[in-house]
Amino acid sequence: MTTSINTRALALEMLMAINEEGQYSHLVLRDVLDKYQYLSKQERAFLTRLTEGTVERRITLDYVIDQFSKTKVRKMKPLIRNLLRMSVYQMMYMDAVPDAAVCNEAVKLAKKRGFSGLSGFVNGVLRSVSRGWSEVSFPNEQVRYSIPEWMISEWMDDYGKEKTNEILEAFSKETKLTVRTNCKRCTPEELCKMLAKEGVKTEPIPGLSYAFALSGVDYLAGLSAFEQGLFYVQDVSSMMVAETAAPKQGDYVIDVCAAPGGKSTHMAELLNGTGMVEARDLTEYKVELIEENRIRHGLDNMRSVQMDATVEDPKSHRKADVLVCDLPCSGLGVIGRKTDIRYKMTEEKAHDLATLQRQILSVVYDYVKPGGTLLYSTCTIRREENEENVDWFLRRHPDFSLETQRQMFPGEVGNDGFFLAKLIRSRDE
């Protein structure tokens, strides 16, 4: 079927961009789905799962392919290795696709892309994999879960074997799409009714009356409720930042690394039209993302500002009732949604980010007024970036005290692993 072949060709193009050019998987997929809006719901679902799944399971797929190919994956032509990966993924994880069809479509794609001379190789490897992959035993958790060894080793040291296995299992499960209602514009009940009319099912989130898990969504940006800014896509664990910070009516909030604006818009909505949320970020592009969300959500008590968090802003000293420091991090808590983080992040990069977090905290902490709140958060599950940074900060700034600290693991609160700490500055004597 022509559309099926074209869908696989699109998936192959995306895998080349992600795996060979280093582009971010969620951005590549978003751009393609936006461009090909005319694809059927079934084709879009197939395209999404095939692309995301192949990226997610890359270590596992490469191990399996290497068991049946004389040429190892790392030595193959880039297009051929990505073609084999996506084909083996279909065999191993997509039961609805017959292996024979997978082989035939792969051979056609190889020829179409100018690799006729390697079509026999592609066919031979895939047919061997089809006959024998179920007998392959995985040597360790790295191959079984397709997670780099350094991450697993660190989690083992920090959280123990049982918790590490829970983390790995959570990352291998399908994530839910969760949203929070923009209560400034509609009630949760009104949002549910509107989404139902567009064929979207909503599932309540316990403890958060404004939050829902959605299912039956084809093209998110095409939903009328999305266009009208009636909800914001956000993981439940991330919603805990505003919930924990608990801004009061009339508060002045500074969010120093705010893009794309989820936590800032949440804060502004909780202020119910009072106070002001100043959402800052480093680049013009990021500030544009924040401003786009501010406008779409109709928030007049929020402004978007371009500012480098590592550079001191004397005008902000002791002005913020709430300072939100959701800082750049290794992102290991969102591996379930941003699958290529597992390959892009290294131990060295993660350590450098922990250093950057301390640098930013050292600059912005004095923006908190006496009696005010500093909310520190990351979307990772690394002690160095989380508990150790909080301990480091408190040793240097005894005028702050820890009110609450929480490490949320993937699947525990929402989909993502997330950390937050609420620090209170003492009042001047």
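Which one of T181, T164, T187, T175 is without any contact (Cβ under 8 Å) to a residue 40 or more places away in the chain and under 30 Å from E269 (Cα atoms)? Steps first, answer last, please.
Details: T181 fails: without any contact (Cβ under 8 Å) to a residue 40 or more places away in the chain; T164 fails: under 30 Å from E269 (Cα atoms); T175 fails: without any contact (Cβ under 8 Å) to a residue 40 or more places away in the chain.
Answer to the selection: T187.
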- Qualifying positions in segment 217-226 - under 10 Å from L195 (Cα atoms) and either free of Cβ contacts under 8 Å to residues at least 40 places away in the same chain or of a type outside the set (A, V, I, L, M, F, W, C) (or both): L223, S224, A225, F226
- Item | Residue list for segment 405-429, filter: more than 16 Å from the chain's Cα centre (by Cα), farther than 20 Å from R180 by Cβ and either modelled with pLDDT of 95 or more or of a type in the set (A, V, I, L, M, F, W, C) (or both) | Q405, Q407, A421, L423, I424, R425, S426
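Based on this model, can you work out whether S119 counts as small (G, A, S), open to solvent by 40 Å² or more (accessible area, probe 1.4 Å) and assigned to a helix (DSSP H, G or I)? It would help to see each step written out before you state the result.
Details: small (G, A, S): yes; open to solvent by 40 Å² or more (accessible area, probe 1.4 Å): no; assigned to a helix (DSSP H, G or I): yes.
Judged against the criteria, S119 is not a match.
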- Message: Looking for something assigned to a helix (DSSP H, G or I), touching a residue at least 24 places away in the same chain (Cβ under 8 Å) and basic (K, R) - is there at least one such residue anywhere in segment 60-78?
- Response: no
- Task: For segment 393-404, enumerate the residues that are open to solvent by 30 Å² or more (accessible area, probe 1.4 Å) and either outside any strand (DSSP E or B) or hydrophobic (A, V, I, L, M, F, W, C) (or both).
- Result: L394, R395, R396, P398, D399, L402
- Note on the structure: How many residues of segment 227-256 are touching a residue at least 40 places away in the same chain (Cβ under 8 Å), of a type in the set (S, T, N, Q), open to solvent by 10 Å² or more (accessible area, probe 1.4 Å) and farther than 18 Å from P188 by Cα? The answer is 2
- Filter segment 335-392 down to residues that are part of a helix (DSSP H, G or I) and among the acidic types (D, E) and give me whichever is surrounded by the most Cβ atoms within 10 Å (Cβ to Cβ). D366
- Message: Kindly evaluate D255 against the criterion of being within 26 Å of E412 (Cα to Cα), in contact with a helix residue (DSSP H, G or I) (Cβ under 8 Å, 6 or more places away or on another chain) and of a type in the set (D, E).
- Response: yes
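The values are calculated or read from the model by the stated rules, or taken from the named source; none is laboratory data. From a predicted model like this one, the values you see are computed outputs, not experimental measurements. Reconstructed Cβ throughout: ideal geometry from the backbone, glycine too, with neighbour counts over all protein chains shown. Heads up: the accessible areas ignore ligands, DNA and RNA and are worked out on the full protein's heavy atoms, side chains in. Shrake-Rupley method; radii C 1.70, N 1.55, O 1.52, S 1.80 Å.
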